[in-house]
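Reading through the structure tokens given below for one structure.
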């Protein structure tokens, strides 16, 4: 789920400061009562209403590694996941597992069909150079 915009958070806080009950503000803005309470508390303590950074581990593949992966698929559509893992490890210096590579291939819209990796739809294939 995406965080609520800072603009919406500010509108909620403004409504509460103008005297609107928190439960009514929650119904009006279609957010939870606990969110209304949290935003009001943050604002009263002088903290920013901006969304915080999402928790969790940073992705192992950065933007440049994703581009390398896409280019590798176009240049070598028949390469195995193991080959792609070695290729990326060699270029980026990061230790990657085959499941990680498979997940990134899927997120980028690539799949394997008849031994070739590419972006498939009902009528065409994107992956081979010149096609």
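Taking the Kirkwood radius as the inverse of the mean 1/r across Cα pairs, report the Rg/Rh of segment 28-68.
Value, to two decimals: 1.26.
Can you pull the percent of Cα pairs in segment 1-56 with separation above 18 Å?
Pairs farther apart than 18 Å: 25 percent.
Divide the volume of the convex hull of the Cα atoms of the chain by its number of residues and quote the answer in cubic angstrom per residue.
Dividing the Cα hull volume of the chain by its residues yields 171 Å³.
With the contact rule set at Cα under 8 Å and sequence spacing of 6 or more, what percent relative contact order holds for the chain?
Relative contact order comes out at 18 percent.
Over segment 29-102, what portion of Cα pair distances is larger than 17 Å, expressed as a whole percent?
In whole percent, the share of Cα-Cα pairs in segment 29-102 beyond 17 Å is 60.
Taking every pair of Cα atoms in segment 63-126, average 1/r, invert it to obtain the Kirkwood radius, and report Rg/Rh to two decimals.
Value, to two decimals: 0.95.
Angle check, please: helix 33-44 long axis (alpha carbons) against the longest principal axis of the chain (alpha carbons), in degrees 0 to 90, nearest 10.
Between the helix axis and the principal axis of the chain, the angle is about 70 degrees.
Angle check, please: helix 6-17 long axis (alpha carbons) against the longest principal axis of the chain (alpha carbons), in degrees 0 to 90, nearest 10.
That helix lies at roughly 10 degrees to the long axis.
Each value in this text was obtained by applying a stated rule to the coordinates, not by laboratory testing. All values reported here derive from a predicted model rather than from experimental measurement.
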